[in-house]
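The values are calculated or read from the model by the stated rules, or taken from the named source; none is laboratory data. Small disclaimer: the values here were computed from a predicted structure and weren't measured. Quick reminder, even Gly has a Cβ in these numbers, built from the backbone with ideal geometry, and neighbours come from all protein chains shown. Side chains are part of the model used for accessible areas, which takes the heavy atoms of the whole protein and leaves out ligands, DNA and RNA. Shrake-Rupley method; radii C 1.70, N 1.55, O 1.52, S 1.80 Å.
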Amino acid sequence: SAARGWVPALSDDDGAARARAVLAEAFGADEPGEEVCVWAAPGRVNLIGEHTDYNAGLCLPVALPHRTYVALRPRTDSLVRLASAQAPGETWTARLEDVGPGEVAGWGSYVAGVAWALREHLVAQGADPAAVPGFDAAVDSSVPFGAGLSSSAALECAVAVALDDVAGLGLAATDAGRAVLATASVRAENEIAGAPTGGMDQSAALRAQAGHALLLDCRPGLDPVESATQVPFDLDAAGLALLVMDTRAEHRLVDGQYAQRRATCEDAARTLGIGSLRELADAVDASDDPAAALARALDALPDDVARRRVRHVVTEIGRVRAFVALLREGRPDAVGSLMNASHASLRDDYEVSSVELDVAVDAARVAGALGARMTGGGFGGSAIALVRADQVEAVADAVRAAFEREGLGAPGFLLATPSAPAERVA
Ligand code: ADP
Ligand code: MG
């Protein structure tokens, strides 16, 4: 029950009905006989490959069954009017001509930003930007905010498929088109909402498939279609479950720490005379003696901190490769030790874990999880544990008890069944 911290996913029927109800309440009911359409996009969780995206590395997200629902009614003018069940009483309004970098603020910037980015895309194609109309839209969601599960991308990507439909662009019909929608959603978040994020979240929300993980290759300049690969990850068939443990802890110092880690990696790549740490990871991977190859590179770095940061990035990219190889061999129950090693590397070498994340991971393992690790940027947010399906409750109970014992606030729990990408649901 919710009282014990469980966060259930909304069914598509419930999500659509709730989004429609928010729309009717805020902006009036539909014309008789007409029902407004509803689109949904999932949150995501990253299985492995942390702090690798900005090093041109690999990551492996899955789409959650938890989705953000957007009921959207196109308008004949360029006004955007928004309401959200998660922002009660905060109706958001702007004219599309007034949306641009630095021009709008608040949660509506994630939504209007997508309309802006799609108009920019049409202009770049030599097409008429007015194909993307103004609209009234209402939102409801079961993706927790700020838990590292990407409620922001879920919101953007639900809007992206909605506008794709109402503008008749047809982009959501193909993976290449979905890559265009992902780019537009990233631009909305970076340039209009002003949040510097990579592309993992939007690619997962638009391109992940049910029963699969999405292997993303973050090398810049790669063809977007080639940068994403489906990897079978059927938890049900394997009798497994992926438990998300939301620490519900405040992110602390996360901004400055993130920029520092990034700068350290970029400095190290410069020192090593390479474009990105991915090049080192590839060289280590191809070497006859990977440990020696890594040690030689680390010896060339100026200090212990840089050596540990680089060791994390290089070994983490290797762990993504090993994880994917096990999934392709049909051995999802064998990835636990890779998850454990990833956590140790993030905690000890990259130093981005937190007390809450360590407590969750340790308690889950003691209670029988096959493996557990923090997920996302760190310093708060969520951890994941791979557990036998019949041990989910026992592991959650153990984590809850450990938080209580350590005097930490109560955690939340979600089941991350690899689910479908953004789509129209009603
Ligand atoms: P995360 O993506 O990890 O959940 P972010 O800080 O990136 O956290 O995004 C959360 C922000 O996205 C919220 O503060 C809000 O501005 C916006 N947002 C996400 N979902 C909704 C929603 N359902 N209704 C209104 N705003 C939302
Ligand atoms: Mg986000």
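Here the simple spin-label model places points 7 Å from the Cα toward Cβ, and for Glu404 and Ala300 these points are separated by 5.4 nm. Taking the longest Cα principal axis of the chain as reference, the axis of helix 175-187 is set at about 90 degrees. If you take every DSSP beta bridge whose two residues both sit in the chain, what share of them, in percent to the nearest 5, is antiparallel? Percent antiparallel among DSSP bridges in the chain is about 90.
Which shape class applies to the stretch 8-119: rounded if a/c is under 1.5, otherwise prolate when a/b exceeds b/c and oblate if not, where a ≥ b ≥ c are the square roots of the Cα gyration tensor eigenvalues?
Numbers: a/c = 2.46, a/b = 1.37, b/c = 1.79.
Oblate is the answer for the stretch 8-119, as a/c is 1.5 or above yet b/c matches or exceeds a/b.
Here the Gaussian network model covers the chain, with springs between Cα atoms less than 10 Å apart; of Ala188, Ala286, Ala17, Ala286 fluctuates the most. With 0.36 nm allotted per residue and the present C-alpha distance subtracted, the Ala238-Ala105 stretch has 43.4 nm of extension available.
From the Kirkwood radius over Cα pairs of the stretch 111-157, Stokes-Einstein at 37 °C and 0.692 mPa s returns a whole-number translational diffusion coefficient of 266 µm²/s. Each 5 Å bin from zero up to the one holding the largest Cα-Cα distance in the stretch 273-377 carries the following percent of pairs: 2, 12, 19, 21, 19, 14, 9, 3, 0, 0. Could you compute how fast the stretch 66-161 diffuses translationally, taking Rh as the Kirkwood radius over C-alpha pairs and applying Stokes-Einstein at 25 °C with viscosity 0.890 mPa s? Give it in µm² per second. Translational D for this selection: 179 µm²/s. Distance between the pseudo-spin-label points of Glu226 and Thr197 (7 Å out from Cα toward the beta carbon): 2.8 nm. Residues Thr76, Thr315 ordered from highest to lowest accessible area at a 1.4 Å probe: Thr76, Thr315.
Protein heavy-atom surface of the chain, 1.4 angstrom probe: 51% of the accessible area is carbon and sulfur, with nucleic acids and ligands not counted.
The sum of -39500 (n - 2.57) across all DSSP H runs of n ≥ 4, divided by the residue count of the chain, sets its helix-only mean residue ellipticity at 222 nm to -13000 deg cm²/dmol. Which log10 I(q)/I(0) values, to two decimals, does the stretch 368-412 give at q = 0.14, 0.17, 0.21, 0.32 Å⁻¹ under the Debye formula with one point per Cα? Evaluating at q = 0.14, 0.17, 0.21, 0.32 Å⁻¹ gives log10 I(q)/I(0) of -0.35, -0.52, -0.78, -1.17.
In terms of its alpha-carbon gyration tensor, the stretch 113-201 comes out prolate; a/c meets the 1.5 threshold, and the first ratio a/b outweighs b/c. By the Cα gyration tensor, the stretch 201-292 has an equivalent ellipsoid whose semi-axes, rounded to whole angstrom, run 29, 22, 16 from largest to smallest. Label positions at Asp288 and Glu423, each projected 7 Å from the Cα along the C-beta direction, are separated by 5.1 nm.
Counting other Cβ atoms within 10 Å of each Cβ, which chymotrypsin sites (Phe, Trp or Tyr not before Pro) in the stretch 95-203 have at most 15 and sit in a DSSP loop? The qualifying sites are Phe145. A simple charge model with +1 on the Cβ of Lys and Arg, -1 on the Cβ of Asp and Glu and nothing else charged puts the dipole of the stretch 1-58 at about 400 debye relative to its Cα centre.
Fully extending the segment from Ala344 to Val123 would add 74.8 nm, taking 0.36 nm per residue of separation and subtracting the current Cα-Cα distance. Loop-located GluC sites (Glu not before Pro) in the stretch 264-334 (DSSP state other than H, G, I, E, B) with a sparse environment of at most 13 neighbouring Cβ atoms within 10 Å: Glu329.
Extension gain, Thr93-Val366: 0.36 nm per intervening residue step, less the Cα-Cα distance, totals 93.3 nm. For the chain, take every pair of Cα atoms, bin their distances at 10 Å starting from 0, and report each bin as a whole percent. Whole-percent P(r) values from 0 Å outward: 5, 22, 31, 25, 13, 3, 0, 0. Only Cα pairs within less than 10 Å get springs; with that Gaussian network setup on the chain, which residue of Ala396, Ala138, Ala87 has the largest fluctuation? Of Ala396, Ala138, Ala87, the most mobile in the Gaussian network model is Ala87.
Sequence gap at least 6, Cα distance under 8 Å: using those rules, report the relative contact order of the stretch 64-157 to the nearest whole percent.
Result for the stretch 64-157 is 44 percent.
For the stretch 136-253, a/c is less than 1.5, where a ≥ b ≥ c are the root eigenvalues of the C-alpha gyration tensor. That puts it in the rounded class. According to the Kirkwood relation over distinct C-alpha pairs, the hydrodynamic radius of the stretch 336-415 is 12.3 Å.
Over the chain, Cα pairs under 8 Å with separation of 6+ residues give a relative contact order of 24 percent.
Could you tell me how many degrees, from 0 to 90 and to the nearest 10, lie between the Cα long axis of helix 277-286 and the main elongation axis, the longest principal axis, of the Cα atoms of the chain? The angle comes out at about 50 degrees.
Ranking Gln125, Ala172, Val80 by how far each Cα lies toward the positive end of the dipole of the stretch 73-191 (charges on Cβ) leaves Ala172 at the top.
Hey, what angle do you get for helix 304-328 against the long axis of the chain, alpha-carbon based, 0 to 90 degrees rounded to 10? Taking the Cα atoms of the chain, the angle to 304-328 is about 70 degrees.
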